[in-house]
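First comes the structure, then the notes that go with it.
The values are calculated or read from the model by the stated rules, or taken from the named source; none is laboratory data. Nothing here was measured: the structure is a model prediction, and the numbers come from that model. Backbone-built Cβ (ideal geometry, glycine too); neighbour counts: all protein chains shown.
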Protein chains: 2
Amino acid sequence: MVLPDFTFHVEAQEGRVRAGRLGSPHGEILTPIFAPVGTQATVKAVSPAQLADLGAGLILANTYHLYLRPGDDLIVEMGGLHSFMNWPGPILTDSGGFQVFSLAENRRVDDDGVTFKSHLDGSTHRLTPEKTIGIQENLGADIIMAFDECAEPYDRPYNELALERTHAWAERCLQAKTRKDQALFGIVQGGIFPDLRARSAEFISNLGFPGHAIGGLSVGETKAEMHAMLEVVDKILPEGKPRYLMGVGTPEDLVNGISRGIDIFDSVLPTRLARHNAAFTRYGDRLNLVNATFSRDPRPIDQQCPCYTCSNFSRAYIRHLIAAKEMLSATLLSIHNLSVLIQLVHDIRNAILEGKFREFSDSFFAQKKEIAKDDVET
Amino acid sequence: MVLPDFTFHVEAQEGRVRAGRLGSPHGEILTPIFAPVGTQATVKAVSPAQLADLGAGLILANTYHLYLRPGDDLIVEMGGLHSFMNWPGPILTDSGGFQVFSLAENRRVDDDGVTFKSHLDGSTHRLTPEKTIGIQENLGADIIMAFDECAEPYDRPYNELALERTHAWAERCLQAKTRKDQALFGIVQGGIFPDLRARSAEFISNLGFPGHAIGGLSVGETKAEMHAMLEVVDKILPEGKPRYLMGVGTPEDLVNGISRGIDIFDSVLPTRLARHNAAFTRYGDRLNLVNATFSRDPRPIDQQCPCYTCSNFSRAYIRHLIAAKEMLSATLLSIHNLSVLIQLVHDIRNAILEGKFREFSDSFFAQKKEIAKDDVET
C-alpha cells in the first residue's frame, strides 16, 4: 500500500494569500476551501448527493457528538465514518475539545484531561489526548485534530493555564497517534492576547504537524481582535503547511481570513441560519424568508446564484414552505447557504490562481458597501 | 395552440387488468401509476429533483390546503402550481371534498356547498362545486377532481343523501369548468353499499368525464369491503377511461387494486410512515428503524431495492439519524418508501405489457406469505 501523501502544494501565492492542493486518502483538497459541518455524521437537512452536487470538497464531523452517539466503536464496525455517512470525499474530525467546553455539563479539567457529563443523558465521560486520538482513529477521517482547551477569550490567567495544557496535550496527541493514513493537525490557542498567540504558534509549529489550526476564535471577540490574532499567527506558522481557521463563517470572514493566510474554514452558520429561515447573499447580507415581504416575490433568493435552490424556486415558494412548516425549506435554504460559501471560496481560488485576489477582495468589499446602502430586502 | 389530448390508450389488457398511457399537457402518464402526495405543494421531505430521480410520473396536491395557504390567487400569480413547486411533470389536484370532511372544523353542508372553519386559523370559508373548480383552474393541475361529499362508509342514510349531492355537484363541476387544458374526473361514492356504488358508477359514467375516481374507500372499511366495491364499480365504469382509486396505499393494495381494473393510485402513507421511522419492504412488511435491533445492522433496508437510500445507507446509519433527530432520516425513508411503490407499479406495468400480470400477482402473494412466516426484522 502506498501511504497517502498529505503534502501541501502551494500552486499560486499573492503575498500571504495562497491557493493550494492538500493530498488525502479520499482525494485532493483544493484550498482555500470551506467545509460544511456534519455534526452528527450528517450535514443537517442535506443528503450526500446534494452536497456533492453543490461542490463540497471537505466535510467536518464532530468527535464529541459521535463518541456519545452512536459511539465510535459502532462507526468503526460499520467501516468507518466515510462508509457510515456515505461521504466518499475527504473528512475532517475535530477533537471534541470545543464541545466539551461549550456543550458538556459538570466539566472538571485537570492536567491529564477532562471529565464531563453528556449533554444527552447526564452520563459521565472522560476525554484525554490519548482517548480523543483513539476515537478519531476509529472514526477514520482524513484530517484529525489535537485535543485542546478552549478558554474564554478575554480571561488572561485562564488562557495562560489553558495554553500550557493545550501544548502538553498536543505532544501527547502526536505520541498517541498510530494510523499512518490520517493527518493530525495541531491547534494554536491564546485567546485575544498577541503574546500568547505568538507563543502558541511557535510551540505548535515546532512539533512538526502537517497542518495547523487556529482555535478559540469566532467565540465572542471582535472582528478586529480576530484579524489581529490571525496576523500574529500567520507570521509564525510555516508557509508550506495548510492553515485552518476553526468555526468561521460568513462570506466576509472568508475573504478576510484568506487575505490573512488561511486555507481551510468550517462553520455551522450556513445550515443553522437555514433552519432559522435565513438566506445568505453573496456579500453577507441576509434575507429572512419568513418575512411577509417575500410572500409574492417571484425572484430566486439571489438571481446570480447557480445553486439548485436559486435555479428552481422563488422566494414566494420558500416562504410558503416556511409558513407551512415543510422540511423542504431547511433543505433548500441549506443548499443555498452552503453554495454561497462554496462558490465564493471557489471564485477566490480562481482569482488567486490568476493573480487577481487583491482585485477580487477590493471588488467584494466595494459591492458589500454598495448593497449595504440599499435595502436588500425590497 | 394544439389542445392537449387526454385520450387514454390501453396498450395491453389481461382480463380487467390493463397498462395504458394517458396524455396530459405536462407529459404522458404511464399507467398503472402511483402518485406521491404533495399536500402543501411539496412532497414532504423530498425535493423535486429527488422525486424525478426515483421515477415519479404524477404528483398529487391538495386544493383544500393550497386554497387556505398560500392561496390559489398567489399560486396563479406565481405562474401556477407546476412553476410554483417546480414540478415539470403531470399534477393532479383533489377537489378539497375529502379534507373538508376530515380536517375542517364546524362543518355545515347544504345542497349548494359546504361552509367550514379553517383548521389553521378558524376563519370561515365556503366551498361549492363552482368554487373548487375555480380554485383548481387557478392551481392549473393537469387532472382536476369533482367536488364530492365523503360520508361515513357504514352510514346508509347519510350515504344515500350524500350520493345525491355528489351527483348534483358533479354536474355543476362540469358546467363550471372553463379551462380546456385540464381533465376533470368524476368521483363515484356510495360507502360500502353495493347498490349505491352501482347507482353512483352508472350516474357518473353517463356524465362523460374523461376519467373516473373511486372515493370514500380506505377510510375504515375492511379490505374485503373495499375489494367488493371495486368489483361492483369496475363492471360499470367504461373501459376506455382511466380509473383512479383515491387515497390507497400499501404494496398489497396496489396489486389488489390493479387486479380490479384500477389505473391510478395516490397515498400519503409512504411519506407519513417515513416521518414515523417506518420503512416499507416490497411485500408490505414494515421495519421500524427506531428499533435497537437495527443499531449495528450494516445492511440496507432492502438489499433488492435500487433506490438512493438502499444503494448508499445502512439500517444502522438510518437508525442513528432517527436517534439523533436528524431530518435526513425522513428524507431517506421517504425516498425509499416512495421508491418501493413506484418500482412495484413499474414492474407490474412491465408484467402487464408482457402478458404476465397473473404470474406477477401470484408470485407477489406467495412471497408475501413466505416473508410473513419469517420474522423480517431479524
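Residue check: is A:Pro210 at pLDDT 95 or above and in contact with a Phe, Trp or Tyr (Cβ under 9 Å, 6 or more places away or on another chain)?
Here the answer is yes, as A:Pro210 does meet what is asked.
For the range B:335-345, check the following and say yes or no: at least one residue is within 9 Å of chain A (Cβ to nearest Cβ), hydrophobic (A, V, I, L, M, F, W, C), surrounded by fewer than 23 Cβ atoms within 10 Å (Cβ to Cβ) and in contact with an Asp or Glu (Cβ under 9 Å, 6 or more places away or on another chain).
Looking for residues that are within 9 Å of chain A (Cβ to nearest Cβ), hydrophobic (A, V, I, L, M, F, W, C), surrounded by fewer than 23 Cβ atoms within 10 Å (Cβ to Cβ) and in contact with an Asp or Glu (Cβ under 9 Å, 6 or more places away or on another chain), one finds none in the range B:335-345, hence no.
Among the numbered conditions (1) in a loop (DSSP other than H, G, I, E, B); (2) more than 9 Å from chain A (Cβ to nearest Cβ), tell me where B:Ala35 comes up short.
Among (1) in a loop (DSSP other than H, G, I, E, B); (2) more than 9 Å from chain A (Cβ to nearest Cβ), the lone unmet condition for B:Ala35 is (1).
Take the residues in the range B:76-105 that are over 14 Å from the mean Cα position of the chain (by Cα) and of a type in the set (Gly, Ala, Ser), then tell me which one is farthest from B:Thr31 (Cα to Cα).
Applying the filter and picking the extreme gives B:Ala104.
Scan the range A:244-280 for residues that are assigned to a strand (DSSP E or B), more than 20 Å from A:Gln367 (Cβ to Cβ) and either at pLDDT below 95 or of a type in the set (D, E, K, R) (or both) and jot them down.
The answer is A:Val248, A:Asp266.
Say we look at the range B:281-309 and pick out the residues that are outside any loop (DSSP other than H, G, I, E, B) and crowded, with 20+ Cβ neighbours inside 10 Å; which of these is nearest to the other protein chains (Cβ to nearest Cβ)?
So the first thing to find is which residues in the range B:281-309 are outside any loop (DSSP other than H, G, I, E, B), and the list is B:286-288, B:292-294, B:308-309.
After this cut, where a residue has to be crowded, with 20+ Cβ neighbours inside 10 Å as well, the list is B:287, B:294, B:308-309.
Details: B:Leu287: 18, B:Phe294: 11, B:Tyr308: 7, B:Thr309: 9 Å.
My answer is B:Tyr308.
I'm checking my understanding of the structure. Among residues of the range A:76-133 that are without any contact (Cβ under 8 Å) to a residue 24 or more places away in the chain, assigned to a helix (DSSP H, G or I) and within 14 Å of chain B (Cβ to nearest Cβ), which one is farthest from A:Cys173 (Cα to Cα)?
Among those residues, the one meeting the criterion is A:Ser83.
Return yes or no: is A:Arg349 surrounded by fewer than 24 Cβ atoms within 10 Å (Cβ to Cβ), under 22 Å from A:Lys368 (Cα atoms), touching a residue at least 40 places away in the same chain (Cβ under 8 Å) and more than 14 Å from chain B (Cβ to nearest Cβ)? Quick ask: steps written out before the conclusion?
Values: surrounded by fewer than 24 Cβ atoms within 10 Å (Cβ to Cβ): yes; under 22 Å from A:Lys368 (Cα atoms): yes; touching a residue at least 40 places away in the same chain (Cβ under 8 Å): yes; more than 14 Å from chain B (Cβ to nearest Cβ): yes.
Yes: the conditions hold for A:Arg349.
Is it the case, given these coordinates, that B:Ala19 is buried (at least 23 other Cβ atoms within 10 Å of the Cβ), hydrophobic (A, V, I, L, M, F, W, C) and on the phi < 0 side of the Ramachandran plot? Walk me through how you get there before you give the answer.
Numbers: buried (at least 23 other Cβ atoms within 10 Å of the Cβ): yes; hydrophobic (A, V, I, L, M, F, W, C): yes; on the phi < 0 side of the Ramachandran plot: yes.
It is true that B:Ala19 is buried (at least 23 other Cβ atoms within 10 Å of the Cβ), hydrophobic (A, V, I, L, M, F, W, C) and on the phi < 0 side of the Ramachandran plot.
Quick check, is B:Ile192 at pLDDT 95 or above, among the β-branched types (Val, Ile, Thr) and under 23 Å from B:Ala35 (Cα atoms)?
Values: at pLDDT 95 or above: yes; among the β-branched types (Val, Ile, Thr): yes; under 23 Å from B:Ala35 (Cα atoms): no.
No, not satisfied.
With the structure loaded, tell me whether B:Ala35 is over 18 Å from the mean Cα position of the chain (by Cα), modelled with pLDDT of 95 or more and among the small types (Gly, Ala, Ser) or whether it fails that test.
Numbers: over 18 Å from the mean Cα position of the chain (by Cα): no; modelled with pLDDT of 95 or more: yes; among the small types (Gly, Ala, Ser): yes.
It is false that B:Ala35 is over 18 Å from the mean Cα position of the chain (by Cα), modelled with pLDDT of 95 or more and among the small types (Gly, Ala, Ser).
Does any residue of the range B:14-22 turn out to be within 29 Å of A:Gln50 (Cα to Cα) and either of a type outside the set (Asp, Glu) or out of contact with any strand residue (DSSP E or B) (no Cβ under 8 Å at 6 or more places or on another chain) (or both)?
Taking the range B:14-22 and keeping what is within 29 Å of A:Gln50 (Cα to Cα), we get none.
Within the range B:14-22 (the criterion being within 29 Å of A:Gln50 (Cα to Cα) and either of a type outside the set (Asp, Glu) or out of contact with any strand residue (DSSP E or B) (no Cβ under 8 Å at 6 or more places or on another chain) (or both)), the answer is no, since none of the residues qualifies.
Residues are listed down the side, and each one gets a yes or a no for (1) acidic (Asp, Glu); (2) under 23 Å from the mean Cα position of the chain (by Cα):
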| position | (1), (2) |
| --- | --- |
| A:Leu139 | no, yes |
| A:Asp142 | yes, yes |
| A:Tyr154 | no, yes |
| A:Asn159 | no, yes |
| A:Glu164 | yes, no |
| A:Lys177 | no, yes |
| A:Lys180 | no, no |
| A:Phe185 | no, yes |
| A:Asp195 | yes, no |
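Say we look at the range A:38-75 and pick out the residues that are among the charged types (D, E, K, R) and within 8 Å of chain B (Cβ to nearest Cβ); which of these is nearest to the chain's Cα centre (by Cα)? Talk me through it step by step, then tell me what you get.
Residues of the range A:38-75 among the charged types (D, E, K, R): A:44, A:53, A:69, A:72-73.
After this cut, where a residue has to be within 8 Å of chain B (Cβ to nearest Cβ) as well, the list is A:44, A:69.
Values: A:Lys44: 15, A:Arg69: 21 Å.
Step by step, filter the range A:38-75, then rank; the result is A:Lys44.
Here are A:Ser329, A:Ser361: which of them is at pLDDT 95 or above, of a type in the set (S, T, N, Q), surrounded by 23 or more Cβ atoms within 10 Å (Cβ to Cβ) and out of contact with any His (no Cβ under 6 Å at 6 or more places or on another chain)?
Details: A:Ser361 fails: surrounded by 23 or more Cβ atoms within 10 Å (Cβ to Cβ).
One residue alone meets the criteria, A:Ser329.
Check whether at least one residue in the range B:94-110 is within 30 Å of B:Phe357 (Cα to Cα), touching a helix residue (DSSP H, G or I) at 6+ places or on another chain (Cβ under 8 Å) and modelled with pLDDT of 95 or more, and report yes or no.
So in the range B:94-110, the residues within 30 Å of B:Phe357 (Cα to Cα) come out as B:94.
Now restrict to residues that are touching a helix residue (DSSP H, G or I) at 6+ places or on another chain (Cβ under 8 Å): B:94.
Of the ones still in play, those that are also modelled with pLDDT of 95 or more are B:94.
Checking the range B:94-110: at least one residue is within 30 Å of B:Phe357 (Cα to Cα), touching a helix residue (DSSP H, G or I) at 6+ places or on another chain (Cβ under 8 Å) and modelled with pLDDT of 95 or more.
Could you list, in sequence order, all residues of the range A:310-356 that are closer than 22 Å to A:Leu22 by Cβ and in a loop (DSSP other than H, G, I, E, B)?
Answer for the range A:310-356, where residues must be closer than 22 Å to A:Leu22 by Cβ and in a loop (DSSP other than H, G, I, E, B): A:Glu354, A:Gly355.
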